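Please read the structure below before turning to the comments.
Taken together, the values in this text are just the output of simple stated rules run on the coordinates, not laboratory data. Bear in mind that the values here come from a model prediction, so they are computed numbers and not experimental data. Every residue, glycine among them, receives a Cβ derived from its backbone with ideal geometry; neighbour counts consider all protein chains shown.
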Amino acid sequence: MVKKRCEFISHDMNGIKIFDHQNKALVTITINPKGLECQHCGTDQCQHVEFMLTLPDIAKTVRQKIKASRPIN
Ligand SMILES: [Zn+2]
C-alpha cells in the first residue's frame, strides 16, 4: 500500500490547499488564466498538482475556473 503523501485541506477563492505529508508543508495551488501554479514549487508539473487532479470534484471545478477566467475571443 502506498503511503498517503498529500491530503486535501480546502478549496476557496484563493486556490486549493493541500498538505504535503512528505515535506510537512501546507501547499497552495492557485488558478490563473494560464492554468495552475503550485506556490510551493512554482510550477504545475509537480506531485501536488498531480495529486489535486486525482480528486474528481476539484479537478472539475478547476477546469471550469480556468475556462471562466480566460477572455472570450
Ligand atoms: Zn508543488
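Would you be able to say whether some residue in the range 62-71 is among the hydrophobic types (A, V, I, L, M, F, W, C) and in contact (Cβ under 8 Å) with a residue 40 or more places away in the chain?
The answer is yes; a qualifying residue exists.
Select, from E37, E50, the only residue that is exposed (fewer than 13 other Cβ atoms within 10 Å of the Cβ) and under 11 Å from the mean Cα position of the chain (by Cα). Walk me through it before giving the result.
Numbers: E37 fails: exposed (fewer than 13 other Cβ atoms within 10 Å of the Cβ).
Only one candidate qualifies: E50.
For the range 10-30, name all the residues that are within 14 Å of the ligand (Cβ to nearest atom) and either among the charged types (D, E, K, R) or touching a strand residue (DSSP E or B) at 6+ places or on another chain (Cβ under 6 Å) (or both).
Scanning the range 10-30 gives G15, I16, K17, I18, F19, D20, K24, L26, V27, T28, I29, T30.
Scan the range 46-71 for residues that are part of a loop (DSSP other than H, G, I, E, B) and over 19 Å from K4 (Cα atoms) and report the count. First the steps, then the outcome.
In the first step, residues of the range 46-71 are kept if they are part of a loop (DSSP other than H, G, I, E, B); the result is 46, 53-55, 70-71.
Still in the running and over 19 Å from K4 (Cα atoms): 70-71.
Looking only at that region, the number is 2.
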